[in-house]
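Note sheet for the following structure.
The values are calculated or read from the model by the stated rules, or taken from the named source; none is laboratory data. Note that this is a predicted model, so its numbers are computed, not measured. All Cβ positions, even for glycine, are placed from backbone atoms using ideal geometry, and neighbour counts span all protein chains on display. Calculation scope for accessible area: heavy atoms of the full protein, side chains included, ligands and nucleic acids excluded. Shrake-Rupley method; radii C 1.70, N 1.55, O 1.52, S 1.80 Å.
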Amino acid sequence: MHFDPRLLADARHVVVFTGAGVSAESGIATFRDKLTGLWERFDPAQLASAEGFRRDPALIWGWYEMRRAGIADARPNPAHLAIAELATRVPQLTLITQNVDDLHERAGSHDVIHLHGRLDAARCLACARSVSSALALPEGARDGKRIEPPRCAECDGPLRPGVVWFGESLPEQALSRAFLAAAECDLLLSVGTSGVVQPAALIPGVALEAGARVVHINPQVSGSGHAREFAIAGKAGEVLPRLLSEAFA
Ligand code: APR
(Lines give C-alpha, C1' and ligand atoms only; values in the text may rest on other atoms or scores of the structure.)
Protein backbone atom coordinates (compact mmCIF):
# COMPACT_ATOMS: atom_id res chain seq x y z
CA MET A 1 0.00 0.00 0.00
CA HIS A 2 1.28 3.50 -0.87
CA PHE A 3 2.54 5.59 2.05
CA ASP A 4 1.25 9.16 1.87
CA PRO A 5 4.17 11.52 2.77
CA ARG A 6 1.66 13.90 4.39
CA LEU A 7 1.44 11.34 7.21
CA LEU A 8 5.10 12.15 7.91
CA ALA A 9 4.42 15.89 7.87
CA ASP A 10 1.49 15.45 10.30
CA ALA A 11 3.29 13.06 12.67
CA ARG A 12 3.63 14.17 16.30
CA HIS A 13 6.36 11.72 17.42
CA VAL A 14 8.44 9.90 14.81
CA VAL A 15 10.72 7.00 15.72
CA VAL A 16 13.46 6.21 13.21
CA PHE A 17 14.88 2.69 13.70
CA THR A 18 18.00 1.98 11.63
CA GLY A 19 20.16 -1.02 10.76
CA ALA A 20 23.30 -1.58 8.72
CA GLY A 21 21.49 -0.67 5.49
CA VAL A 22 21.39 3.02 6.44
CA SER A 23 25.22 3.07 6.34
CA ALA A 24 25.53 0.91 3.19
CA GLU A 25 25.71 3.96 0.88
CA SER A 26 28.56 5.29 3.01
CA GLY A 27 30.49 2.19 1.94
CA ILE A 28 30.12 0.36 5.27
CA ALA A 29 29.52 -3.34 4.62
CA THR A 30 26.31 -4.75 6.08
CA PHE A 31 26.39 -8.02 8.01
CA ARG A 32 24.03 -10.22 6.11
CA ASP A 33 23.50 -8.64 2.76
CA LYS A 34 24.74 -11.50 0.60
CA LEU A 35 26.75 -9.31 -1.82
CA THR A 36 28.60 -7.34 0.80
CA GLY A 37 27.99 -9.54 3.84
CA LEU A 38 31.00 -9.61 6.07
CA TRP A 39 29.80 -12.89 7.51
CA GLU A 40 30.56 -14.54 4.18
CA ARG A 41 34.25 -14.07 4.85
CA PHE A 42 34.42 -14.74 8.56
CA ASP A 43 32.99 -17.15 11.03
CA PRO A 44 30.73 -14.85 13.07
CA ALA A 45 31.06 -17.05 16.15
CA GLN A 46 34.78 -16.42 16.02
CA LEU A 47 34.65 -12.66 15.54
CA ALA A 48 31.64 -11.10 17.28
CA SER A 49 31.61 -13.00 20.58
CA ALA A 50 33.22 -12.76 24.01
CA GLU A 51 34.38 -16.35 23.52
CA GLY A 52 36.13 -15.45 20.26
CA PHE A 53 37.80 -12.49 21.95
CA ARG A 54 39.04 -14.57 24.86
CA ARG A 55 40.40 -17.13 22.43
CA ASP A 56 42.24 -14.66 20.18
CA PRO A 57 42.07 -11.02 21.38
CA ALA A 58 44.49 -9.73 18.72
CA LEU A 59 42.45 -11.18 15.82
CA ILE A 60 39.19 -9.74 17.16
CA TRP A 61 40.66 -6.37 18.16
CA GLY A 62 42.34 -6.11 14.72
CA TRP A 63 39.04 -6.81 12.96
CA TYR A 64 37.19 -4.15 14.93
CA GLU A 65 40.01 -1.63 14.44
CA MET A 66 39.80 -2.26 10.67
CA ARG A 67 36.06 -1.55 10.84
CA ARG A 68 36.68 1.53 13.01
CA ALA A 69 39.18 2.78 10.40
CA GLY A 70 36.64 2.15 7.62
CA ILE A 71 34.06 4.17 9.54
CA ALA A 72 36.55 7.00 10.19
CA ASP A 73 37.25 7.13 6.42
CA ALA A 74 33.52 7.04 5.55
CA ARG A 75 31.13 9.97 5.47
CA PRO A 76 27.45 10.23 6.41
CA ASN A 77 25.28 9.61 3.33
CA PRO A 78 22.02 11.39 2.32
CA ALA A 79 20.02 8.94 4.47
CA HIS A 80 21.85 9.98 7.65
CA LEU A 81 21.51 13.64 6.65
CA ALA A 82 17.77 13.31 5.91
CA ILE A 83 17.18 11.71 9.34
CA ALA A 84 19.05 14.58 11.03
CA GLU A 85 16.95 17.08 9.04
CA LEU A 86 13.70 15.26 9.88
CA ALA A 87 14.39 15.92 13.58
CA THR A 88 14.10 19.66 12.81
CA ARG A 89 10.82 19.18 10.94
CA VAL A 90 8.66 17.19 13.37
CA PRO A 91 7.71 18.00 16.98
CA GLN A 92 9.51 14.94 18.38
CA LEU A 93 11.93 12.40 16.87
CA THR A 94 13.60 9.44 18.59
CA LEU A 95 16.48 7.81 16.68
CA ILE A 96 17.24 4.19 17.58
CA THR A 97 20.09 2.38 15.82
CA GLN A 98 21.50 -1.14 15.76
CA ASN A 99 24.66 0.24 14.17
CA VAL A 100 27.90 0.70 16.03
CA ASP A 101 29.19 3.48 13.76
CA ASP A 102 28.95 7.21 14.57
CA LEU A 103 27.60 8.29 11.17
CA HIS A 104 24.25 9.42 12.60
CA GLU A 105 26.09 11.67 15.06
CA ARG A 106 28.40 12.97 12.34
CA ALA A 107 25.32 13.79 10.22
CA GLY A 108 24.05 16.00 13.06
CA SER A 109 21.68 13.65 14.91
CA HIS A 110 21.65 13.97 18.72
CA ASP A 111 20.85 11.65 21.60
CA VAL A 112 21.06 8.55 19.37
CA ILE A 113 20.01 5.34 21.13
CA HIS A 114 22.66 2.69 20.32
CA LEU A 115 21.16 -0.74 21.07
CA HIS A 116 24.32 -2.67 20.13
CA GLY A 117 26.92 -0.30 21.57
CA ARG A 118 29.46 1.83 19.71
CA LEU A 119 32.76 1.07 18.01
CA ASP A 120 34.24 4.40 19.13
CA ALA A 121 33.99 3.34 22.76
CA ALA A 122 35.97 0.53 24.37
CA ARG A 123 36.04 -0.92 27.88
CA CYS A 124 38.30 -3.09 29.98
CA LEU A 125 37.48 -6.80 29.81
CA ALA A 126 38.60 -7.20 33.43
CA CYS A 127 37.36 -4.13 35.35
CA ALA A 128 34.83 -2.80 32.77
CA ARG A 129 36.27 0.73 33.02
CA SER A 130 35.18 2.48 29.84
CA VAL A 131 37.63 4.27 27.56
CA SER A 132 36.24 7.23 25.61
CA SER A 133 36.49 7.50 21.87
CA ALA A 134 39.90 9.19 22.28
CA LEU A 135 41.58 5.92 21.26
CA ALA A 136 43.69 6.83 18.23
CA LEU A 137 43.64 4.33 15.36
CA PRO A 138 46.84 2.24 15.57
CA GLU A 139 49.33 1.89 12.73
CA GLY A 140 48.10 -0.80 10.29
CA ALA A 141 44.46 -0.57 11.45
CA ARG A 142 43.33 -0.47 7.81
CA ASP A 143 45.19 -3.66 6.87
CA GLY A 144 42.91 -5.88 8.93
CA LYS A 145 45.95 -7.32 10.71
CA ARG A 146 45.96 -8.85 14.16
CA ILE A 147 46.45 -6.02 16.67
CA GLU A 148 47.08 -6.62 20.37
CA PRO A 149 44.33 -4.79 22.30
CA PRO A 150 45.64 -1.88 24.43
CA ARG A 151 45.80 -2.42 28.22
CA CYS A 152 43.55 -0.77 30.77
CA ALA A 153 45.25 2.12 32.58
CA GLU A 154 43.59 1.09 35.85
CA CYS A 155 44.11 -2.67 36.07
CA ASP A 156 46.19 -3.57 33.01
CA GLY A 157 43.44 -5.86 31.68
CA PRO A 158 42.88 -5.99 27.88
CA LEU A 159 40.44 -3.51 26.35
CA ARG A 160 37.50 -4.91 24.37
CA PRO A 161 35.29 -3.14 21.78
CA GLY A 162 32.28 -1.34 23.32
CA VAL A 163 29.83 -3.33 21.18
CA VAL A 164 27.23 -5.95 22.16
CA TRP A 165 28.40 -9.44 21.13
CA PHE A 166 26.19 -12.35 20.24
CA GLY A 167 24.85 -13.86 23.45
CA GLU A 168 25.40 -10.67 25.46
CA SER A 169 22.52 -8.58 26.78
CA LEU A 170 21.75 -5.16 25.34
CA PRO A 171 22.31 -2.01 27.43
CA GLU A 172 19.29 -1.89 29.76
CA GLN A 173 18.63 1.82 29.59
CA ALA A 174 18.95 2.00 25.80
CA LEU A 175 16.56 -0.91 25.33
CA SER A 176 13.89 0.44 27.68
CA ARG A 177 14.11 3.93 26.12
CA ALA A 178 13.70 2.34 22.69
CA PHE A 179 10.66 0.26 23.67
CA LEU A 180 9.07 3.27 25.39
CA ALA A 181 9.49 5.47 22.32
CA ALA A 182 8.14 2.74 20.01
CA ALA A 183 5.07 2.32 22.23
CA GLU A 184 4.44 6.07 22.31
CA CYS A 185 5.14 7.18 18.73
CA ASP A 186 2.57 7.64 15.98
CA LEU A 187 4.94 6.80 13.13
CA LEU A 188 7.97 4.50 12.97
CA LEU A 189 10.37 4.44 10.01
CA SER A 190 12.36 1.17 9.92
CA VAL A 191 15.37 1.86 7.69
CA GLY A 192 17.88 -0.70 6.36
CA THR A 193 17.41 -3.63 8.68
CA SER A 194 16.83 -7.31 8.00
CA GLY A 195 14.89 -7.53 11.26
CA VAL A 196 16.42 -10.86 12.26
CA VAL A 197 18.31 -9.99 15.45
CA GLN A 198 16.29 -10.02 18.66
CA PRO A 199 15.36 -8.17 20.79
CA ALA A 200 16.00 -5.12 18.54
CA ALA A 201 13.84 -6.63 15.80
CA LEU A 202 10.81 -6.43 18.11
CA ILE A 203 10.73 -2.63 17.99
CA PRO A 204 8.67 -2.05 14.81
CA GLY A 205 6.10 -4.57 16.08
CA VAL A 206 5.82 -2.71 19.40
CA ALA A 207 4.98 0.48 17.49
CA LEU A 208 2.45 -1.31 15.26
CA GLU A 209 0.79 -2.98 18.28
CA ALA A 210 0.52 0.41 19.99
CA GLY A 211 -1.37 1.89 17.04
CA ALA A 212 1.42 3.63 15.12
CA ARG A 213 2.00 3.42 11.39
CA VAL A 214 5.21 1.59 10.39
CA VAL A 215 7.13 2.21 7.17
CA HIS A 216 9.92 -0.18 6.07
CA ILE A 217 12.56 1.38 3.80
CA ASN A 218 14.80 -1.27 2.23
CA PRO A 219 15.63 -2.46 -1.31
CA GLN A 220 14.36 -5.89 -0.22
CA VAL A 221 11.09 -5.12 1.52
CA SER A 222 8.18 -7.36 2.25
CA GLY A 223 5.21 -5.71 3.97
CA SER A 224 2.99 -7.76 6.26
CA GLY A 225 -0.27 -6.56 4.67
CA HIS A 226 -1.26 -4.88 7.96
CA ALA A 227 -3.39 -1.78 7.28
CA ARG A 228 -0.92 0.46 9.13
CA GLU A 229 2.28 -1.16 7.78
CA PHE A 230 3.90 0.17 4.60
CA ALA A 231 6.96 -0.72 2.57
CA ILE A 232 8.98 1.55 0.29
CA ALA A 233 11.41 -0.47 -1.84
CA GLY A 234 14.63 1.40 -2.43
CA LYS A 235 17.90 2.66 -1.05
CA ALA A 236 17.66 4.73 2.10
CA GLY A 237 19.92 7.42 0.61
CA GLU A 238 17.39 7.93 -2.20
CA VAL A 239 14.05 7.20 -0.49
CA LEU A 240 14.49 9.35 2.63
CA PRO A 241 15.46 12.63 0.90
CA ARG A 242 12.56 12.11 -1.53
CA LEU A 243 10.12 11.39 1.30
CA LEU A 244 11.16 14.57 3.13
CA SER A 245 10.89 16.74 0.03
CA GLU A 246 7.41 15.34 -0.70
CA ALA A 247 6.32 15.72 2.92
CA PHE A 248 7.70 19.19 3.60
CA ALA A 249 7.82 20.70 0.11
N1 APR B 1 19.27 1.21 1.97
C2 APR B 1 18.40 0.58 2.80
N3 APR B 1 18.54 -0.73 3.16
C4 APR B 1 19.60 -1.39 2.65
C5 APR B 1 20.55 -0.80 1.79
C6 APR B 1 20.34 0.57 1.45
N7 APR B 1 21.18 1.21 0.62
N8 APR B 1 21.49 -1.73 1.46
C9 APR B 1 21.14 -2.87 2.11
N10 APR B 1 20.01 -2.68 2.81
C11 APR B 1 19.29 -3.62 3.67
C12 APR B 1 19.46 -5.07 3.31
O13 APR B 1 18.47 -5.45 2.36
C14 APR B 1 19.20 -5.74 4.66
O15 APR B 1 17.81 -6.02 4.83
O16 APR B 1 19.84 -3.48 4.97
C17 APR B 1 19.61 -4.70 5.68
C18 APR B 1 20.89 -5.04 6.41
O19 APR B 1 20.61 -6.18 7.19
P20 APR B 1 21.74 -6.77 8.15
O21 APR B 1 23.03 -6.84 7.41
O22 APR B 1 21.17 -8.00 8.80
O23 APR B 1 21.94 -5.65 9.25
P24 APR B 1 21.04 -5.38 10.50
O25 APR B 1 19.60 -5.64 10.22
O26 APR B 1 21.41 -4.04 11.03
O27 APR B 1 21.57 -6.49 11.54
C28 APR B 1 21.16 -6.35 12.88
O29 APR B 1 22.74 -8.00 13.59
O30 APR B 1 24.83 -8.77 13.30
C31 APR B 1 24.03 -8.11 14.17
O32 APR B 1 24.63 -6.47 15.74
C33 APR B 1 24.56 -6.73 14.37
O34 APR B 1 23.37 -4.65 14.48
C35 APR B 1 23.51 -5.83 13.71
C36 APR B 1 22.26 -6.69 13.81
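Here's a check for you: in region 66-114, which residue that is in a helix (DSSP H, G or I) and open to solvent by less than 10 Å² (accessible area, probe 1.4 Å) is farthest from residue 149 (Cα to Cα)? Taking the candidates together, the pick is 86. Select from region 106-133 the residues that are farther than 24 Å from residue 62 by Cα and acidic (Asp, Glu) and list them in ascending order. Hit for region 106-133 is 111, nothing else. Please go through region 85-106 and pick out each residue that is more than 16 Å from the ligand (Cβ to nearest atom) and under 19 Å from residue 24 (Cβ atoms). Matches in region 85-106: 105, 106.
Close contacts from region 217-233, counting a first residue that is acidic (Asp, Glu) and a second that is away from the ligand (no atom under 12 Å from the Cβ) and in a loop (DSSP other than H, G, I, E, B), with Cβ to Cβ under 8 Å and a gap of 6+ residues or different chains, come to 229/223.
So, residue 123, is that one out of contact with any Ser or Thr (no Cβ under 6 Å at 6 or more places or on another chain), of a type in the set (Lys, Arg) and not in a loop (DSSP other than H, G, I, E, B) or not? Spelling it out, it is not the case that residue 123 is out of contact with any Ser or Thr (no Cβ under 6 Å at 6 or more places or on another chain), of a type in the set (Lys, Arg) and not in a loop (DSSP other than H, G, I, E, B).
Can you pull out every residue in region 213-229 that is out of contact with any Lys or Arg (no Cβ under 7 Å at 6 or more places or on another chain) and either closer than 25 Å to residue 27 by Cβ or open to solvent by less than 40 Å² (accessible area, probe 1.4 Å) (or both)?
Residues satisfying the conditions are 215, 216, 217, 218, 220, 221, 229.
Quick test for you: out of 236, 249, pick the one residue that is buried (at least 20 other Cβ atoms within 10 Å of the Cβ) and farther than 19 Å from residue 115 by Cα.
One residue alone meets the criteria, 236.
Looking at region 151-249, the helices (runs of 4 or more DSSP H) lying wholly inside it that each contain 2 or more residues that are of a type outside the set (A, V, I, L, M), more than 16 Å from the ligand (Cβ to nearest atom) and farther than 28 Å from residue 51 by Cβ sit at 172-184, 236-248.
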